[in-house]
Amino acid sequence: MVKERLLAWPRRRWVAVSVATPVLAVVFLAASTTSLAGVSVVWILLVLIAAVLGAGVLASLLPASGRRLELGCSPCAVMSVLSLLGAAIALHVYGSTLSGPMLAVGATLFGFTQRLAQPSTCEVPQDAAVRARSDKSEG
């Protein structure tokens, strides 16, 4: 189910992921207050994975079509965005240990899967309208 939703993403969401990933990586690295010289390659990779997942959370907030950004209105939309804050806090608290990036990956993975796995509660209203029209045409 999640794979199908990712494959159905429009190009604008994939562009948003590619733009937001380096920005989030810098934000996460700044939040950790850790020098890159003092951490392992695994630590850096986990932070990058968290950044990609976080970028996916942010990209999922973009409407599938149209120009108006609609953030959604459900608590789950807020919770998924707050998972990015949780990731930054975990990186800040745990510093150069692997616990911080592992928690950051867990938090952003939670937010991302929440956005993809529960579209009826998480999707923006425009996506819901598009899905409703496609369900009517199929049935």
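When L53, L116 are arranged by Cβ crowding within 10 Å, least crowded first, meaning fewest neighbours, the order is L116, L53. Fewest neighbouring Cβ atoms within 10 Å first, the residues R13, R5, R115 line up as R5, R13, R115. In plain terms, the residue of T97, T34, T108 with the fewest other Cβ atoms within 10 Å comes first and the most crowded comes last, giving T97, T34, T108.
The numbers here are math on the coordinates, done by the rules we state, and not lab data. Keep in mind that this is a model prediction, so the values were computed, not measured. Neighbour counts run over all protein chains shown; Cβ positions are idealised from the backbone, glycine included.
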